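Below: one structure, written as structure tokens.
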Amino acid sequence: DEVRMRNEALSKPMNLSHDIAPRVVPFVHQTIEKYGNMSVTWFGRTPRINVMDPDLIKDILSNKFGQFEKPKSNPLIRLFVDGLVSHEGEKWAKHRRIINPAFHIEKLKRMLPAFYTSCFEMITKWEKLVALEGSCELDIWPELQNLTGDVISRTAFGSSYDEGRRIFQLQNEQAKIVMDVALSIYIPGYRLLPTKRNNRMKEIDREVRGLLRRIVNKREKAIKLGEASKDDLLGLLLESNFKEIREHGNEKNIGMNVDEVIEECKLFYFAGQETTSNLLVWTMVVLSMHPEWQMRAREEVLQSFGKDKPDFDGINHLKVVSMILYEVLRLYPPAVALTRQTYKKVKLGDVYLPPRVELSLPTILIHHSRELWGEDAQEFKPERFLGGVSKAANNQVSFIPFGWGPRICIGQNFAMIEAKMALALILQHFSFELSPSYAHAPCTIITLQPQYGAQIILHKL
Ligand code: HEM
């Protein structure tokens with residue numbers, strides 16, 4: 001039923017409304033409408049409980065008693081991602097402790113020039129496109145994917161940027177193959193078959209690992225000689241790893257080995273690229289639908305920076321832009337659901353669950369719930385966030401685009417700074433509107449994407 005309903009929903013574009021949940025997650029949407037805040041559906045042979053209640057969501061995500069873990073059941077995701085996002089227990093805690101310092105706000109401040117360079121290159125390209133007639137039509141979806149790929153190549157690998165770009169291209173090719181094989185991936189043993197696609201996947205994996213291994217080895221040597229860059233994610237991660245080994249060297253299983261560092265680098269691409277380009281593409285689409293907010297955001301940007309390069313403090317003080325980004329994350333969350341599974345027998349609300357029951361927290365439905373966000377939940381109203389995130393969410397765990405609790409997204413500040421920098425530069429240089437050829441058709445291919453692209457008309461300012 002789930003697949004049939006999804007295909008049916010995706011075959012029809014929708015009007016220009018933000019009420020996108022019935023199209024994006026039709027099955028869960030209908031189940032929740034029918035059965036309320038806690039319901040059971042089946043994912044193959046695994047029972048899946050859909051949880052909408054903010055108190056229960058808080059219990060699950062805070063995981064105070066270690067009763068929940070990330071499910072291992074999605075082979076589609078597992079193809080790309082290992083590392084922090086899928087670790088549990090002590091291993092997760094150790095990796096999180098080592099990686100955390102690389103995302104500290106002071107470290108992100110030092111990455112600002114890299115964010116700027118990537119955004120400026122995209123703006124320069126767009127300026128050339130509009131130069132002739134003062135405006136042009138552009139599918140901004142691939143443009144923004146390329147931008148966020150460029151940002152992560154630069155910020156993750158700094159001086160090894162060229163190899164970083166190659167890794168980005170290879171991981172994109174892998175993503176395309178995975179989309180092509182789609183549901184076959186769920187057939188047991190499928191990945192072991194010697195098909196052309198499976199062989200290419202293995203080849204790519206070898207090349208990516210080889211490239212990363214060379215970068216990591218080069219950096220490790222440089223760090224030992226005291227000459228490595230400490231301004232990119234890899235440098236910071238290796239530095240923090242060495243510190244951990246120096247301080248606890250005689251204990252067992254301390255620090256990460258080279259293979260683990262490589263997995264974490266691959267994860268930065270996967271976790272950081274598609275999600276942030278999602279946020280940016282929906283922000284531009286939504287600001288095209290709401291020109292009054294586009295104007296307010298531009299006024300704020302021009303007041304803060306004029307046409308100059310945005311600086312870190314200025315970026316952090318952009319209030320209207322932040323409110324807009326939060327409201328876009330509410331209506332169009334890049335990750336439409338969070339998942340967990342019970343690790344042991346657990347009482348959730350009034351219900352006892354055995355181990356290995358899958359829990360789905362349907363972020364998109366939680367964010368669109370009238371009960372939680374009011375009768376105007378489907379409307380774009382950035383003013384909700386005027387008093388900050390907690391106030392907008394009524395001090396409940398009902399705004400979870402980055403998750404919540406100990407496993408909250410490690411890159412959320414990184415993503416917000418990147419999105420503000422990109423948006424500030426775009427607003428400084430262009431106004432934009434939807435092209436008549438744009439069809440509003442959000443759909444999930446791992447993240448929430450525009451099914452037919454995002455055709456926008458850019459006007460030079
Ligand atoms: C985890 C969203 C950007 C790295 C997550 C989770 C979500 C999320 C929903 C999972 C939380 C859970 O299961 O409880 C987003 C969104 C982004 C974004 C919406 C952009 C708008 C980034 C960036 C990076 C990143 C830029 C790194 C460069 C990670 C990592 C985890 C994670 C490593 C795993 C954390 C853990 O399990 O401890 N993110 N993310 N994310 N994200 Fe992000």
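In the stretch 343-350, is there at least one residue being touching a Leu at 6+ places or on another chain (Cβ under 9 Å) and within 14 Å of the ligand (Cβ to nearest atom)?
Going residue by residue through the stretch 343-350, those that are touching a Leu at 6+ places or on another chain (Cβ under 9 Å) are 345-349.
Remaining after also requiring within 14 Å of the ligand (Cβ to nearest atom): none.
Among the residues of the stretch 343-350, not one is touching a Leu at 6+ places or on another chain (Cβ under 9 Å) and within 14 Å of the ligand (Cβ to nearest atom), which makes the answer no.
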task: Look through 164, 134 and report the one residue that is loosely packed, with under 15 Cβ neighbours inside 10 Å and either out of contact with any His (no Cβ under 6 Å at 6 or more places or on another chain) or free of Cβ contacts under 8 Å to residues at least 12 places away in the same chain (or both).
output: 134
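Does residue 334 satisfy the condition of being within 30 Å of residue 113 (Cβ to Cβ) and at pLDDT 95 or above? It would help to see each step written out before you state the result.
Working: within 30 Å of residue 113 (Cβ to Cβ): yes; at pLDDT 95 or above: yes.
Yes: the conditions hold for residue 334.
Given the criterion surrounded by fewer than 21 Cβ atoms within 10 Å (Cβ to Cβ) and among the polar types (S, T, N, Q), identify the matching residue among 277, 304.
Values: 277 fails: surrounded by fewer than 21 Cβ atoms within 10 Å (Cβ to Cβ).
Residue meeting the stated conditions: 304.
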task: Exactly one condition in (1) β-branched (Val, Ile, Thr); (2) more than 21 Å from residue 267 (Cα to Cα); (3) under 20 Å from the mean Cα position of the chain (by Cα) is not met by residue 148; state its number.
output: (2)
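I need the full set of residues from the stretch 239-261 which are surrounded by fewer than 22 Cβ atoms within 10 Å (Cβ to Cβ) and within 16 Å of the ligand (Cβ to nearest atom), in order please. Walk me through how you get there before you give the answer.
Filtering the stretch 239-261 down to residues surrounded by fewer than 22 Cβ atoms within 10 Å (Cβ to Cβ) leaves 239-240, 242-255, 257-260.
If the condition is that a residue be surrounded by fewer than 22 Cβ atoms within 10 Å (Cβ to Cβ) and within 16 Å of the ligand (Cβ to nearest atom), then 240, 260 are the ones that fit.
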query: Tell me, which residue of the stretch 342-394 that is more than 25 Å from residue 290 (Cβ to Cβ) and among the basic types (Lys, Arg) is surrounded by the most Cβ atoms within 10 Å (Cβ to Cβ)?
result: 356
task: Looking for whichever is under 24 Å from residue 146 (Cβ atoms) and not polar (S, T, N, Q) here; the options are 280, 225. Which one fits?
output: 280
- line: How many residues of the stretch 107-122 are surrounded by fewer than 16 Cβ atoms within 10 Å (Cβ to Cβ) and closer than 17 Å to residue 459 by Cβ? The answer is 0
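Hey, can you tell me all the residues within the stretch 344-358 that are in a loop (DSSP other than H, G, I, E, B) and within 12 Å of residue 67 (Cα to Cα)?
Within the stretch 344-358, the subset in a loop (DSSP other than H, G, I, E, B) is 344-345, 349-350, 354-357.
344, 345, 354, 355, 356, 357, listed by residue number.
Yes/no per residue for (1) within 26 Å of residue 346 (Cα to Cα); (2) touching a Phe, Trp or Tyr at 6+ places or on another chain (Cβ under 8 Å); (3) of a type in the set (D, E, K, R):
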{"site": "22", "(1), (2), (3)": "no, no, no"}
{"site": "32", "(1), (2), (3)": "yes, no, no"}
{"site": "67", "(1), (2), (3)": "yes, yes, no"}
{"site": "82", "(1), (2), (3)": "no, no, yes"}
{"site": "90", "(1), (2), (3)": "yes, no, yes"}
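Taking the condition of being within 16 Å of the ligand (Cβ to nearest atom) and more than 17 Å from residue 325 (Cβ to Cβ), how many residues in the stretch 380-399 meet it?
Counting residues in the stretch 380-399 that are within 16 Å of the ligand (Cβ to nearest atom) and more than 17 Å from residue 325 (Cβ to Cβ) gives 2.
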message: One residue is enough: does the stretch 356-364 have a residue meeting the conditions under 21 Å from residue 61 (Cβ atoms) and either in contact with a Gly (Cβ under 6 Å, 6 or more places away or on another chain) or more than 16 Å from the ligand (Cβ to nearest atom) (or both)?
response: yes
task: Go through (1) outside any strand (DSSP E or B); (2) hydroxyl-bearing (Ser, Thr, Tyr); (3) free of Cβ contacts under 8 Å to residues at least 40 places away in the same chain and name the single condition residue 39 misses.
output: (1)
message: Looking at the structure I just gave you, is residue 378 under 30 Å from residue 134 (Cα atoms) and either polar (S, T, N, Q) or modelled with pLDDT under 95 (or both)?
response: no
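Do we have any residue at all in the stretch 404-421 that's in contact with a strand residue (DSSP E or B) (Cβ under 6 Å, 6 or more places away or on another chain), farther than 30 Å from residue 124 by Cα and within 11 Å of the ligand (Cβ to nearest atom)?
If we filter the stretch 404-421 for residues that are in contact with a strand residue (DSSP E or B) (Cβ under 6 Å, 6 or more places away or on another chain), which is where we start, we get 409.
If we keep only those that are farther than 30 Å from residue 124 by Cα as well, we get 409.
Pick out the ones that are also within 11 Å of the ligand (Cβ to nearest atom) and you get 409.
Among the residues of the stretch 404-421, at least one is in contact with a strand residue (DSSP E or B) (Cβ under 6 Å, 6 or more places away or on another chain), farther than 30 Å from residue 124 by Cα and within 11 Å of the ligand (Cβ to nearest atom), which makes the answer yes.
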message: For the list (1) within 22 Å of residue 108 (Cβ to Cβ); (2) within 13 Å of the ligand (Cβ to nearest atom); (3) crowded, with 22+ Cβ neighbours inside 10 Å, I need the number of the one condition that residue 267 fails.
response: (3)
message: As an exercise: evaluate residue 377 against (1) assigned to a loop (DSSP other than H, G, I, E, B); (2) within 14 Å of residue 327 (Cβ to Cβ); (3) touching a residue at least 12 places away in the same chain (Cβ under 8 Å); (4) not hydroxyl-bearing (Ser, Thr, Tyr) and give the number of the one condition it does not meet.
response: (3)
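Table: residues versus (1) at pLDDT 80 or above; (2) more than 16 Å from the ligand (Cβ to nearest atom); (3) surrounded by 15 or more Cβ atoms within 10 Å (Cβ to Cβ).
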position	(1), (2), (3)
127	yes, yes, no
143	yes, yes, yes
148	yes, no, yes
193	no, yes, no
200	yes, yes, no
203	yes, yes, no
- prompt: If you check residue 18 against the conditions, is it modelled with pLDDT of 80 or more and part of a helix (DSSP H, G or I)?
  reply: no
- prompt: Using beta carbons and a limit of 8 Å, which pairs, at least six apart or on different chains, have the first residue in the stretch 401-418 and under 18 Å from residue 112 (Cα atoms) and touching a residue at least 24 places away in the same chain (Cβ under 8 Å) and the second one β-branched (Val, Ile, Thr) and within 6 Å of the ligand (Cβ to nearest atom)?
  reply: 415/275; 415/276; 418/276
message: Here's a check for you: in the stretch 270-306, which residue that is away from the ligand (no atom under 14 Å from the Cβ) and among the charged types (D, E, K, R) is farthest from residue 98 (Cα to Cα)?
response: 292
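The values are calculated or read from the model by the stated rules, or taken from the named source; none is laboratory data. Fair warning: this is a prediction, and the values are worked out from it, not measured in the lab. Every residue, glycine as well, gets a Cβ built from its backbone with ideal geometry; the counts of neighbours run over all protein chains shown.
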